[in-house]
Amino acid sequence: SIVKGMLQHSRSGKVEKEATNLNALADEYLRLAYHGLRAKDKAFNANMETDLDPGLPKVNVVPQDIGRVLLNLFTNAFHAVNEKKGSAPKDYQPTIWVESRKTAQGVEISVRDNGGGIPTTLREKIFQPFFTTKPTGEGTGLGLSMSYDIVTKGHGGDLIVESTQGKGTTFTVSLPFNS
């Protein structure tokens, strides 16, 4: 799986961008990530709240690539809330929030969780290839690195992380109108 991940990470070649409804893409991949984890762990459960701007314009992107980014962000968020659930008080409600909004330069999609957060010492490393906080055998360390490259190099956007230890993490994908 590491070699497969490396090949996907270094994939080259032109793929056509197309006008894409990012709200529909986000909704589809949010449900895909949730049901994928439920298939592996029947006890897994989390709240999903969306605030998707109904006036969000379509943006020219490679839908498969942005879908892969969103799937990775959602899956990581679900893992974070599930991990926190093991040590949190009984009234803890694992929750993922997804928000989209139009900006002056383009659009943003934010993925926020109320998991354990990312320690400050690790935050600067999370976009590096092969860096993972997951236990051995559970992650290749290519997900966030690949996501960062897709957003920044492939679409001229930005991928920003904000995190507070013990409170959660927010990843924001910013995509320009002319990507």
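The values are calculated or read from the model by the stated rules, or taken from the named source; none is laboratory data. Just so it is clear, the model here is predicted, and its values are computed rather than measured. Don't worry about glycine lacking a Cβ; one is built from the backbone with ideal geometry, like all the others, and counts go over all protein chains shown. Remember, those area values only see protein heavy atoms, side chains included, never the ligands or the DNA or RNA. Shrake-Rupley method; radii C 1.70, N 1.55, O 1.52, S 1.80 Å.
Select from the range 78-93 the residues that are assigned to a helix (DSSP H, G or I) and buried (at least 16 other Cβ atoms within 10 Å of the Cβ) and list them in ascending order.
Of everything in the range 78-93, those that are assigned to a helix (DSSP H, G or I) and buried (at least 16 other Cβ atoms within 10 Å of the Cβ) turn out to be Phe78, His79, Ala80, Val81, Asn82, Lys84, Lys85.
Can you name the residue in the range 30-61 that is open to solvent by 60 Å² or more (accessible area, probe 1.4 Å), of a type in the set (A, V, I, L, M, F, W, C) and over 18 Å from the mean Cα position of the chain (by Cα) and, of all such residues, is modelled with the highest pLDDT?
Ala39
Please go through the range 20-66 and give me each residue that is within 19 Å of Leu175 (Cα to Cα), in a helix (DSSP H, G or I) and among the hydrophobic types (A, V, I, L, M, F, W, C), ordered by number.
Leu22, Ala24, Leu25, Ala26, Leu30, Ile66
Can you tell me which condition Met6 does not meet? The list is (1) touching a helix residue (DSSP H, G or I) at 6+ places or on another chain (Cβ under 6 Å); (2) at pLDDT below 95, and all the others hold.
(1)
Restricting the first residue to the range 88-114 and requiring it to be within 15 Å of Thr172 (Cβ to Cβ), which pairs with a second residue that is surrounded by fewer than 16 Cβ atoms within 10 Å (Cβ to Cβ) and among the aromatic types (Phe, Trp, Tyr) meet a Cβ separation below 9 Å and a spacing of at least six or different chains?
Taking only residues 6 or more apart or on different chains, the pairs are Gln105/Phe177; Gly106/Phe177; Val107/Phe177.
Taking the stated definitions as given, is Ser179 open to solvent by 20 Å² or more (accessible area, probe 1.4 Å), of a type in the set (Ser, Thr, Tyr) and modelled with pLDDT under 90? Quick ask: steps written out before the conclusion?
On the way: open to solvent by 20 Å² or more (accessible area, probe 1.4 Å): yes; of a type in the set (Ser, Thr, Tyr): yes; modelled with pLDDT under 90: yes.
The answer is yes for Ser179.
In the set Arg101, Arg123, which member is open to solvent by 40 Å² or more (accessible area, probe 1.4 Å) and either at pLDDT 85 or above or in contact with a Leu (Cβ under 8 Å, 6 or more places away or on another chain) (or both)?
Arg101
Are there any pairs with C-beta distances below 6 angstrom linking a residue in the range 153-179 that is in contact (Cβ under 8 Å) with a residue 60 or more places away in the chain to a residue that is part of a loop (DSSP other than H, G, I, E, B) and open to solvent by 60 Å² or more (accessible area, probe 1.4 Å), with the two at least 6 apart or on different chains, and if so which?
Pairs found: Pro176/Gln105.
Yes or no: Ile96 in contact with a Lys or Arg (Cβ under 9 Å, 6 or more places away or on another chain) and either assigned to a helix (DSSP H, G or I) or not acidic (Asp, Glu) (or both)?
yes
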